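Any read-out appearing in this document is the output of simple, stated calculations on the displayed coordinates, not a laboratory observation. Here the structure is a predicted model, which is why all the values come from computation and not from measurement. When we count neighbours, we look across all protein chains shown, and the Cβ atoms used for this are built from the backbone with ideal geometry, even at glycine.
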Amino acid sequence: MKKGFIKRLIANQYTLIDSETLEEVIAYARGKLRYMKLDEDNSFYRQLTKKTKKEQKIMQVSPKVGDYVYYDDSEDQVLIMEILPRKNDLVRPDVCNVDQVLLVFSAIKPDFSAFLLDKFLLILNQEKLTPIIVISKIDLIEDENLNQIKETMKYYESMGYLVYYVNSKQRIGIDVLSHIFKDKITVLAGQTGVGKSTLLNALLPGLELKTQEISHALGRGKHTTRHTELYMYNEGFIVDTPGFSKIEFLIFHVDEVKDFYPDFVKLSDDCRFTSSCLHLNEPDCRVKEAVEKGEILQSRYDNYVQFCDEVKNQKEKY
Ligand SMILES: Nc1nc2c(ncn2[C@@H]2O[C@H](COP(=O)(O)OP(=O)(O)OP(=O)(O)O)[C@@H](O)[C@H]2O)c(=O)[nH]1
Ligand SMILES: [Mg+2]
Ligand SMILES: [Zn+2]
């Protein structure tokens, strides 16, 4: 059987890229649902609820964008026969085998938000996905305000995150970005209207993806991107996704939040209660000391406290 990679799914029709010829093939899934044997730690398990061990060995899965599959083209209709194990599996966007996430924030319209950035980093850390940060629309903001954002971003750069600044409309800052996509599946993520599709258009000028003017009042945009598709770029693939207006993390215990803050984890050995310190009200907390000394961004700590509150409050609901 031949091997391929799913690039696009529209209705029930899959576009595969053959692993050897690199040619596009139109295919359908064999039957409506896939059945396959899985290992214990396979990512498919994450979708499972209460099923017995035995039932878990065989389960129903639909192939999706990002999947590596075996297909059969011996008949008229090309059929996807088997899905290879997934490295990871996202629900929104509905893509699997993702290598990195390009987090897009606009400097303005909508305003840059350190709160959203911290929330995204928390979620991606939990999902073990690598983020790369892009600040867009730098042409629309006063230098003074841009410098303020750059000052904030220095903290994140010191944590090891890559940060890029672009004006996608005039294709400024685009070329230095291009190397990060090689051999990877990259998902574009960010609030609606921040300029994800415009950035992708700047990278792939022939594409002409639909973008939309943002409505002024709240700087809020309408969703313009709908289906999920991988675009080939620089020997990698990029996925444009519809923006969101709200994101949620799936953390149910307040003591887990701190574990997704590498900058806090690094210091917690020096907290009196070491790894059990929540860095909230405990005495002799090295993290709080670092906030006071300006070694940790005040906004990052404040956002952390707020996320902890959110987790506590959601727990009380159940
Ligand atoms: N001046 C300027 N405008 C930009 C830039 N990037 C995006 N825009 C504008 O911002 C608006 C929204 O851009 P989109 O690319 O549609 O935003 P999106 O993130 O794809 O939005 P959704 O698909 O709804 O999630 C459009 O009017 C773009 O022209 C930029 O770097 N500079
Ligand atoms: Mg878009
Ligand atoms: Zn502490």
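Computed FRET efficiency, Cβ-Cβ of Lys184 and Ile26, R0 25 Å: what is it to the nearest 0.05? Could the numbers behind the result be given before it?
Details: r = 25 Å, r/R0 = 1.01.
With R0 = 25 Å, the Cβ-Cβ based efficiency is 0.50.
For segment 100-240, with only Lys/Arg (+1) and Asp/Glu (-1) charged at the beta-carbon, what is the dipole magnitude about the Cα centre, in debye rounded to 20? Mind showing how you got there, number by number?
On the way: 15 positive and 16 negative charges, 71 e Å.
That gives a dipole near 340 debye.
Just need the Rg to Rh number for segment 254-317, please, alpha carbons only, Kirkwood Rh. Can you show the working numbers first?
Details: Rg = 11.4 Å, Rh = 11.9 Å.
Reported Rg/Rh, Kirkwood definition of Rh: 0.96.
Asp111 to Met81: extension gain in nm, 0.36 nm per residue of separation minus the Cα-Cα distance?
6.1 nm
Within segment 78-110, which residues have the backbone N less than 17 Å from the label spot 7 Å out from Gln148 along Cα→beta-carbon, could you tell me?
106-110
Could you tell me which trypsin sites (Lys or Arg not before Pro) in segment 230-318 are loop residues by DSSP with no more than 10 other beta carbons within 10 angstrom of their beta carbon? Please list the in-between numbers first.
Working: sites: Lys246, Lys258, Lys266, Arg272, Arg286, Lys288, Lys293, Arg300, Lys312, Lys315, Lys317; in loops: Lys246, Lys266, Arg272, Lys293.
Loop-located and lightly packed - Lys246, Lys293.
Which loop-located GluC sites (Glu not before Pro) does segment 95-155 contain, where loop means any DSSP state but H, G, I, E or B and the Cβ has at most 12 other Cβ atoms within 10 Å?
On the way: sites: Glu127, Glu142, Glu144, Glu151; in loops: Glu127, Glu142.
Of the GluC sites (Glu not before Pro), the ones in loops of segment 95-155 whose Cβ has at most 12 other Cβ atoms within 10 Å are Glu142.
How many angstrom separate the Cα center of segment 234-292 from the Cα center of segment 84-116?
Each part reduced to its Cα centre gives a spacing of 18 Å.
Please identify the trypsin sites (Lys or Arg not before Pro) of segment 79-138 that satisfy two criteria: DSSP loop assignment and at most 13 other Cβ atoms within 10 Å. Which are they? Let's see the in-between values first.
Working: sites: Arg86, Lys87, Lys119, Lys128, Lys137; in loops: Arg86, Lys87, Lys128, Lys137.
Of the trypsin sites (Lys or Arg not before Pro), the ones in loops of segment 79-138 whose Cβ has at most 13 other Cβ atoms within 10 Å are Lys128.
In nm, to one decimal, how far is the Asp72 label point from the Gln13 one, both placed 7 Å along Cα→Cβ?
2.3 nm
With viscosity set to 1.567 mPa s at 4 °C, what whole-number translational diffusion coefficient in µm²/s follows for segment 100-240 from Stokes-Einstein and a Kirkwood radius over Cα pairs?
Values: Rh = 15.3 Å.
Answer, rounded: 84 µm²/s.
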